Structures are given as structure tokens and as C-alpha cells.
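Engineer: I have a structure here, written as C-alpha cells, and I will follow up with some questions on it.
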Amino acid sequence: MKKMKVTLVGAGSLSFALGALQDIVLSDRLKNQVDLEIALMDIVEENVNRTYTYAAEMFSAFSHPAKITRTSNLEEALTGADFVIVAIEVNRYFYWSQDFHIPRRYGSKQIYGENGGPGSMFHTLRNLGPMLEIARTMEKVCPDAWFINFTNPEAKLVEAVSKLTSIKIVGLCHGLDMGIDQISQFLEMDIEEIGVEGGGLNHFGFFTKIWNKKTGEDLYPLFHEKEKKADRLAQFDHIGLSRTMYHTYGYYPYPGTNHIGEYVSYAADFYAGLSLQYRYDPIKEKLWEKDSRVPDFIYCASGHTLDKGLFSDDMTEEEWIKETFKFDKDKVQKSNEYAIPIIEAIFFDDEVQLNSVNMQNNGAIKGLPDDMVVETQAIVNGQGIQLIPMTVELPTAIIGTIHIQGTIHKLLLEAFVEQSKTKLLQAILLDPQAPTYYQACAMIDEMCELQKEILPKLEWK
């Protein structure tokens, strides 16, 4: 029986780590055909212990023979690994709230600041060091392993690892699948019936083809008629911008307003959630000072966000974590993420097609640089992962928008390598949601001071 070692870096992650572990325990082949070791690694010992306890109970309940280890030592966790799943973020909402508020305080119109806009550039620089440390440690102790990344900003980080190390890396995101779900609602069809071609930049992709898998019928004419008849305010906060972009560019985008809106200058007109992002009272609350609360994170103004009762009992983060890590065999289910299908396809030399992965372009999307990380469909087998070239070219305006982001990617890498605030300034001024020159300079200085414990040391050069 062949051996396999899967390492989870950021094993304290509430979503991706637990999802990967559940996908592994539910895989018959990884249970019966592999001598499997799972190494859990997190820099916070309490977090890795919590995940280990959950995993040990779950694998025992499923009579799964995998060997599970835990450590806070990166090299130990990576030694001999075949696949490395990474989902890392330090004090996520604390720093994300800074990424959101500080650029807007200096005049940026960014709506989210996670993957696009000036805020995302600080997010990138915070995560670049740890990501490269993981990849360079892999070069030493498991150079042939696949680096499977869930960490954002996805495209920027995957491009950095691709260009600055020799490690094979793929970035995964379920954003395109969210788009298929929206299309299915307009068409009033099951997701399984709909075929797609789509791609672009992570969190800024477009469906160039949609068809009926059973008949081969082009579904865009039907989609066009259905979309015209649909209530124009339905799910407005989530898909209002998506529908406007469809009218403007001719193809429906994904995953939704709060993400695609990070890359354009006009998104605020369509995003009600903007006023709720990390909402706080500036008179009574002083953000990020000792003992102050981190404002609540609002993904978008839908679901339970706006219809809470005046005195609803909200679960605290501590309560939510405790509930999440309470093992219940009946609640174990597949995550629909792609990490474990990729591992199985490569290890067993299956051939599967995935809806979307993030890798260097190499001609898959015409009009974009070969070395830029893009997102589109892929084939996975024993030879690795290969992007499927898109057959329909994206509109010139979309290619132009993505090109700007590709240049920003390069400038951020230069800012990191050269430790240069000036290169960071160049990247920020290029962004569609940039503030003025003086505002940008002041914003950089404040953010570098505010996040000095976690950002690389940058200087004006």
C-alpha cells in the first residue's frame, strides 16, 4: 500500500481545515488504498490542539486508520509531505477592519479591501512572508509536493509563490460555483444541468458560455430573457452589480458584488453592505485600541444581517468556535471544495475536470500575460494540473481591467522584495479605487505603523 502524507498548514482554520478533514475521512480510497499520514500544523498551539482533538474523534468514529500528528513546527510538519493544504490568516477580522477603514478614511472608494483595492495590498504584504516561508521550507524538505492554497488574496499570493520559488502551486476558490448557483436561479434549472466556460481573475470572472449539459443548447438566450423579467431589486446587494456588468459587457460575472466590485470604481452604487462593513460608532468606540472590540464583519446585506430582532441572542465567536468543534458524526459531509479531489486525481492518476483553479496563465486566457495568475477550468491527472484554454475571448474592457491588476501584482512583489514603500505607492496609484497622491502617501505611512508587527519593513526609496 503506497504511503501519502497530507499536511494542513493553518490547521486551526474553522472552515477549510475542517472541510478538508471531513473530505478525507469520507473518501473510501484514502481510507482503504493508502497508508495515510495527516500532519496538522498551526503557529497557535491551542488552535492545532483543538483541531487535533476534533480530527482524532472523527477518524476514530469512522474507523479510519490514518495517522494524525500535530505540531507548531513548520519544517517538521512539511518533511516528506506529498500535498500541503494552506489556509492561513492572523487575527483576521482585526486586520481586515483596518484594511477596510483606513483606505476609505484617506479617500479610497474601495468597498471591501480583501482581494482588490488598496486594502488588499496590505493584506497581500502581510501574508506574503508566511506564504514564501512555507514554499521555501517545502523546497528544502518536500520539493515535489503540491502547494494547495486557500489563503487570500488568492491570485496575488499564488503568483508570488509561482515566481519566487520552484514549488508547484494551485489556488482554489468556490467563487465560480457561486456564480453557477446564481445562473441556475435565473434559469430555474438544477446546477447539475448547466455547463459553463468561464474565467478571468479570482473574484472577477465571467461566464463566456453556458449550455444545457443534456442537449448542448446554448442557454445564454434563455438567460437573457429570464434576467430581463426578474425583479430588478431581488438579491440586489449580492447580484445588483453582477446584473449591471452583464448588461454592460455581455457576459455574466461571478462571484458577487462585494468581490467583483473590488476591482472597479463604480461598485458603491450597488452595494448596500458598504455601510455595514465593520460598523462602529466613532464617538463611543476607538477601533484597534487596547480592549476595544473588533467591529462585526458583514459579508453582505442579506440573510440574517438586516432581519435580526431587537433582542436576538447572537452567538459569540467563542461560542461559535466551541459549537463548530463539537463533533457530531451525523453532521459530517463533503465540503464541495477541490483540495481532496485534486489529491486523489494526482495520486491515483484519475482524470477529472474542475470548474476553476488559479495558476499561471500560459496562454489559457488570450490577451493576458503568460506569467500572470488567472482563474479558469482545469484538467487534473497523474501529470498534475493543466488549465483548459478558454475558447471565447473576454471583452477588451474586462481584459484591460484584469491587466491593471496584473501590473499591481508585479509592483507588490517588487515592493516586498525591495522593501519599498515607493513601489507600494505605485501599485496603489494604479488601482481604480486609489486616493490622491498625498492621501496615498499618508495612508501607507499610517498602515505601516498600525500593522508594523505583521507587515514587512518598508521604507521610502
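Engineer: Is segment 168-257 rounded, prolate or oblate when judged by the Cα gyration tensor, a ≥ b ≥ c being the square roots of its eigenvalues, rounded requiring a/c under 1.5 and prolate requiring a/b larger than b/c?
Structural biologist: Here segment 168-257 falls in the oblate category.
Engineer: Need the C-alpha centroid separation for segment 10-39 versus segment 161-180, integer Å.
Structural biologist: 19 Å
Engineer: State, to one decimal in nm, how far the label point of ASP370 lies from the label point of HIS224, with both points 7 Å from Cα in the Cβ direction.
Structural biologist: 3.7 nm
Engineer: Given R₀ = 51 Å, what would the calculated FRET efficiency be for PHE94 paired with TRP211, taking r from the Cβ atoms and rounding to 0.05?
Structural biologist: E(calc), rounded to 0.05, equals 0.70.
Engineer: Run the simple label-point estimate for THR391 and LEU164 please: 7 Å along Cα→C-beta, distance reported in nm.
Structural biologist: Reported label-point gap for THR391 and LEU164 is 3.9 nm.
Engineer: Could you work out how much longer the chain between GLN33 and LEU429 gets when fully extended? Use 0.36 nm per residue separation minus the Cα distance between them, nm to one decimal.
Structural biologist: Between GLN33 and LEU429, full extension yields an extra 137.2 nm.
Engineer: Do you know the relative contact order of the chain, to the nearest whole percent, from alpha carbon pairs under 8 angstrom that are 6+ apart?
Structural biologist: 17 percent.
Engineer: Right, next: Students sometimes get this wrong: rank THR324, THR7 by accessible area, probe 1.4 Å, all chains present, largest first.
Structural biologist: THR324, THR7
Engineer: Something else about it: Using a simple spin-label model with points 7 Å from Cα along the Cα→Cβ vector, what separation in nm is obtained for GLN383 and SER275?
Structural biologist: Placing both labels 7 Å beyond Cα along the Cβ direction yields 5.5 nm.
Engineer: Got a sec? Charge dipole of segment 284-403, +1 on Cβ for Lys and Arg, -1 for Asp and Glu; which of GLY363, ILE402, ALA345 is way out at the positive end?
Structural biologist: Result: ILE402.
Engineer: If you don't mind, there's one more thing I want to ask. Let me check against my output: what whole-number percent is the relative contact order of segment 240-380, with C-alpha pairs under 8 Å and at least 6 apart?
Structural biologist: Once normalised by length, the contact order is 12 percent.
Engineer: For segment 1-144, give the percent of accessible area contributed by carbon and sulfur heavy atoms, probe 1.4 Å, rounded to a whole number.
Structural biologist: 45 percent
Engineer: With every protein chain kept in the model, how would you rank TRP460, TRP96, TRP211 by accessible area, 1.4 Å probe, largest at the top?
Structural biologist: Greatest to least solvent exposure: TRP460, TRP211, TRP96.
Engineer: Which ³J(HN,Hα) values in Hz, rounded to whole numbers, follow from the phi angles of segment 359-371 under the Karplus curve 6.51 cos²θ - 1.76 cosθ + 1.60, where θ = phi - 60° and Gly and Pro get x?
Structural biologist: Going residue by residue, I get 8, 4, 4, 6, x, 5, 10, 4, x, 10, x, 4, 8 Hz, with x marking Gly and Pro.
Engineer: Using mean projected area of the Cα convex hull in nm² as the read-out, say which of [x] 22.5; [y] 21.4; [z] 32.4 was calculated from these coordinates.
Structural biologist: [x]
Engineer: How many percent of the accessible area of segment 303-390 is carbon or sulfur, using a 1.4 Å probe?
Structural biologist: That share works out to 47 percent.
Engineer: Which one, GLY261, LEU241, PRO221, projects farthest toward the positive side of the charge dipole computed for segment 209-264 from Cβ point charges (K/R +1, D/E -1)?
Structural biologist: PRO221
Engineer: If ILE408, ILE191 are ordered by their accessible area, calculated over protein heavy atoms with a 1.4 Å probe, which sequence runs from highest to lowest? Mind showing how you got there, number by number?
Structural biologist: On the way: ILE408 0, ILE191 75 Å².
Ranked from most to least accessible, the order is ILE191, ILE408.
Engineer: Can you find, among ILE454, VAL380, VAL141, the residue farthest towards the positive end of the dipole of the chain? Put +1 on the C-beta of Lys and Arg, -1 on that of Asp and Glu.
Structural biologist: Of ILE454, VAL380, VAL141, it is ILE454.
Engineer: Indicate the gyration tensor shape class of segment 51-94 (rounded, prolate or oblate), computed on the Cα atoms with a ≥ b ≥ c the square roots of the eigenvalues: a/c under 1.5 is rounded; otherwise a/b larger than b/c is prolate and the rest oblate.
Structural biologist: Oblate.
Engineer: Okay, next question. Okay, which of segment 266-290 sit inside 15 Å, backbone N to the point 7 Å along the Cα-Cβ direction of ARG232?
Structural biologist: Backbone N within reach: 270.
Engineer: So for segment 387-441, averaging the separation of alpha carbon pairs under 8 Å that are six or more residues apart and normalising by length, what relative contact order in percent results?
Structural biologist: Dividing the mean separation by the residue count of segment 387-441 yields 25 percent.
Engineer: Return the lysines within reach of LYS329: Cα separation strictly under 18 angstrom, same-chain partners fewer than 8 residues apart disregarded; answer none if there are no such residues.
Structural biologist: Correct list for LYS329: LYS31.
Engineer: Still on this structure: Working out 0.36 nm times the residue gap between GLU351 and LYS140, then minus their Cα-Cα distance, what length gain in nm do you get to one decimal?
Structural biologist: Once the chain is fully extended between GLU351 and LYS140, it gains 73.0 nm.
Engineer: Additional query: Where does the charge balance sit around GLN383 when Lys and Arg score +1, Asp and Glu -1, over other residues with C-beta under 14 Å from its C-beta?
Structural biologist: -3
Engineer: Can you tell me the dipole magnitude for segment 80-226 around its Cα centre, using point charges on the Cβ only (Lys, Arg +1; Asp, Glu -1), in Debye to the nearest 20?
Structural biologist: For segment 80-226, the charge dipole is close to 820 debye.
Engineer: Straight-line reach from LYS284: which lysines fall under 25 Å, measuring Cα to Cα and dropping same-chain residues less than 8 apart?
Structural biologist: Within the straight-line limit of under 25 Å, LYS284 reaches these lysines: LYS109, LYS308.
Engineer: Here's something else I'd like to know. Rounded, prolate or oblate: which fits segment 196-244, taking a ≥ b ≥ c as square roots of the Cα gyration tensor eigenvalues, rounded meaning a/c under 1.5, else prolate when a/b beats b/c?
Structural biologist: Working: a/c = 2.94, a/b = 1.21, b/c = 2.44.
It comes out oblate by the Cα gyration axes.
Engineer: Report the longest stretch of the chain that contains none of the GluC sites (Glu not before Pro) sitting in a DSSP loop with at most 14 other Cβ atoms within 10 Å.
Structural biologist: Details: sites that count: GLU188, GLU217, GLU285, GLU289, GLU351, GLU393, GLU453.
Of all site-free stretches, the longest is 1-187.
Engineer: Would you mind working out the magnitude of the charge dipole of segment 371-427 relative to its Cα centre, with +1 at each Lys and Arg C-beta and -1 at each Asp and Glu C-beta, to the nearest 20 Debye?
Structural biologist: Charge dipole of segment 371-427: 180 debye, to the nearest 20.
The values are calculated or read from the model by the stated rules, or taken from the named source; none is laboratory data. These numbers were taken from a predicted model, which means no experiment stands behind them. Counting neighbours? That spans all protein chains shown, and the Cβs are built from the backbone with ideal geometry, glycine included. Keep in mind that these areas ignore ligands, DNA and RNA; they rest on the heavy atoms of the full protein, side chains included. Shrake-Rupley method; radii C 1.70, N 1.55, O 1.52, S 1.80 Å.
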